[in-house]
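Let me begin by presenting the structure, written as structure tokens, before commenting on it.
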Amino acid sequence: MKIGYQLNEVENVVNQLIANLKTRTILFYGDMGVGKTTLIKALVNVLGSDDEASSPTFSIVNEYSKGLDKIYHFDLYRIKDLEEAYNFGIEDYLDSENWKFIEWPEKIEAILYNEYDRIDLKMNGPNKRILTLS
């Protein structure tokens with residue numbers, strides 16, 4: 001699935017995404033500033049969390065409530081290696097049945113053995129993005 005959109009259309013894009021996701025583990029690939037966190041904020045909101053989503057750049061993982069479920073939002077940009085991911089318990093998160101949104105997943109690809117959906121984001125002009133779900 002491929003979608004072209006502007007930032008003011010992000011909620012519509014998120015609704016299309018949710019209808020087409022096959023798993024609760026979503027990997028977000030794209031350059032810095034392409035809109036990964038913006039898309040995740042909208043996903044958290046549309047999935048029904050009342051929590052305000054924000055970038056976990058320094059905390060590495062943020063947890064949002066969704067009823068009795070949780071949504072985990074990872075920003076792995078700052079981790080140096082897999083050992084650092086193991087140190088904060090990445091395996092426990094990955095093995096959970098909760099939603100997992102992972103920015104910079106290339107840092108942990110070696111341990112991604114469960115099924116996941118992949119989202120690639122690219123800029124397509126000053127205010128346009130191309131999203132590819134695979």
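The values are calculated or read from the model by the stated rules, or taken from the named source; none is laboratory data. Because the structure is a prediction, the values reported are computed rather than measured. Counting neighbours? That spans all protein chains shown, and the Cβs are built from the backbone with ideal geometry, glycine included. Note: areas computed on protein heavy atoms with side chains; ligands, DNA, RNA excluded. Shrake-Rupley method; radii C 1.70, N 1.55, O 1.52, S 1.80 Å.
Between Arg118 and Asp31, what length comes free when the chain is fully extended (0.36 nm per residue of separation minus the Cα-Cα distance, one decimal in nm)?
Details: separation 87, 0.36 × 87 = 31.32 nm, distance 1.46 nm.
The span from Arg118 to Asp31 would gain 29.9 nm if fully extended.
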Worksheet entry | Extended-chain gain in nm, criterion 0.36 nm per residue less alpha-carbon gap, Ala19 and Ala110 | 30.0 nm
Practice prompt. Quick one: which residues, 5 or more positions from Lys100 or on another chain, have an amide H under 5 Å from its amide H? H modelled 1.01 Å from N in the peptide plane, none for Pro or chain starts.
Written response: Thr25, Ile26, Tyr72
Response to the item:
Toy charge model, Lys and Arg Cβ at +1, Asp and Glu Cβ at -1: the chain dipole around Cα centroid in debye, rounded to 20, equals 600 debye
Worksheet, complete the sentence: Rounded to whole Å², per residue accessible area for region 1-55 with a 1.4 Å probe reads 52 Å²
Discussion item. At 1.4 Å probe size, what's the solvent-accessible area of Thr132? Round to the nearest 10 Å².
Written reply: 40 Å²
Fill in: Rough spin-label spacing in nm, given labels placed 7 Å along Cα→Cβ, for Asn98 and Glu9
3.3 nm
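Find out how many positive minus negative residues lie around Val44, taking Lys and Arg as positive, Asp and Glu as negative, among other residues whose Cβ is under 10 Å from that of Val44. Show your work: numbers first, answer last.
Working: positive: Lys41, Lys66; negative: Asp50, Asp51, Glu52.
Local charge sum for Val44: -1.
How much of the DSSP bridge set in the chain is antiparallel, in percent, rounded to the nearest 5?
Numbers: 16 of 29 bridges.
About 55 percent, rounded to the nearest 5.
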Item to complete: Could you please state, rounded to a whole Å, how far the C-alpha centre of region 11-31 is from the C-alpha centre of region 105-134?
Response: 9 Å
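Provide the FRET efficiency to the nearest 0.05 for the Asp50-Tyr86 pair, computing r from the beta carbons and using R0 = 22 Å. Kindly include the intermediate steps, with their values, before the conclusion.
On the way: r = 32 Å, r/R0 = 1.44.
So the FRET efficiency works out to roughly 0.10.
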Item to complete: Apply the Karplus parameterisation 6.51 cos²θ - 1.76 cosθ + 1.60, with θ equal to phi minus 60°, to every residue of region 78-91 and state each ³J(HN,Hα) to the nearest whole Hz, in sequence, with x for glycine and proline.
Response: 8, 6, 8, 7, 4, 4, 5, 5, 4, 5, 9, x, 3, 4
Discussion item. Rounding to the nearest 10 and keeping the result within 0 to 90°, find how far the Cα-based axis of helix 10-20 lies from the longest principal axis of the chain.
Written reply: 60 degrees
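Provide the FRET efficiency to the nearest 0.05 for the Ile130-Arg78 pair, computing r from the beta carbons and using R0 = 30 Å.
Working: r = 26 Å, r/R0 = 0.88.
In this case the efficiency is close to 0.70.
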Worksheet item: Taking the chain, how many lysine pairs are there with alpha carbons less than 18 Å apart, if each pair must be eight or more places apart or span two chains?
Response: 18
Discussion item. Cut-off 10 angstrom, C-alpha nodes, Gaussian network model of the chain. Which of Asn20, Asn12, Asn87 fluctuates the most?
Written reply: Asn87
Response to the item:
For region 25-31, in residue order, the Karplus 3J(HN,Hα) values (coefficients 6.51, -1.76, 1.60; θ = phi - 60°; whole Hz; Gly and Pro = x) are 10, 10, 9, 10, 10, x, 5
Discussion item. From the protein chains alone at 1.4 Å, what is the descending order of accessible area for Met1, Met32, largest first?
Written reply: Met32, Met1
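Taking GluC sites (Glu not before Pro) as exposed when DSSP calls them loop (any state but H, G, I, E, B) and at most 14 other Cβ atoms lie within 10 Å, what is the longest stretch of the chain free of them, the sites themselves excluded? Before the final figure, lay out each step's value.
Working: sites that count: Glu52, Glu97, Glu115.
Longest gap between qualifying sites, sites excluded: 1-51.
Round to a whole number: what % of the accessible area of region 45-101 belongs to carbon and sulfur, probe 1.4 Å?
Ligands and nucleic acids excluded, carbon and sulfur reach 42 percent.
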Item to complete: Please determine, in degrees from 0 to 90 and to the nearest 10, the orientation of helix 36-46 with respect to the longest principal axis defined by the Cα atoms of the chain, where the helix direction is its Cα long axis.
Response: 90 degrees
